[in-house]
Amino acid sequence: MLEGAKLMGAGAATIALAGAAAGIGNALSSLIHSVARNPSLAKQLSGHAISGFALTEAIALSASMMAFLISFVFRWSCGNME
């Protein structure tokens, strides 16, 4: 029972990876639209887009780290609960 709960928790932690992928796509889409509207701001907008990519990727990395921690590091045994 506890092993199943651990696997469900790891699966729930990986859902954040889909959100991070959508966030990176949204940031890139916004960059393309902004540069198409005002090409003279391309250099400034690229800096903001890179920081957005970095923050979104940090969320993805922390979510995958949490999934691996739940899956492989946390070893609860039911025998010690008596």
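Since every read-out is calculated from the coordinates, none of them should be taken as a lab result. As the structure is a computational prediction, the values presented were derived from the model and not from experiment. Because the Cβ atoms are built from the backbone with ideal geometry, glycine has one as well, and the counts that use them run over all protein chains shown.
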Seminar exercise, completed: extent check for the chain: Cα max minus min per principal axis, descending, whole Å, gives 68, 15, 13
For this session: Could you compute the FRET efficiency for M1 and S46, with r as their C-beta to C-beta distance and R0 at 35 Å, rounded to 0.05?
Result: 0.10
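Can you give the FRET efficiency to the nearest 0.05 for V35 and I15, using r as the Cβ-Cβ distance and R₀ = 30 Å?
On the way: r = 31 Å, r/R0 = 1.05.
Computed FRET efficiency for V35 and I15 comes out at 0.45.
How much mean residue ellipticity at 222 nm does the chain get from its helices, if each DSSP H run of length 4 or more adds -39500 (n - 2.57) and you divide by all residues, to the nearest 500 deg cm²/dmol?
Numbers: 2 runs with 63 residues, N = 82.
The helix contribution divided over the chain gives -28000 deg cm²/dmol.
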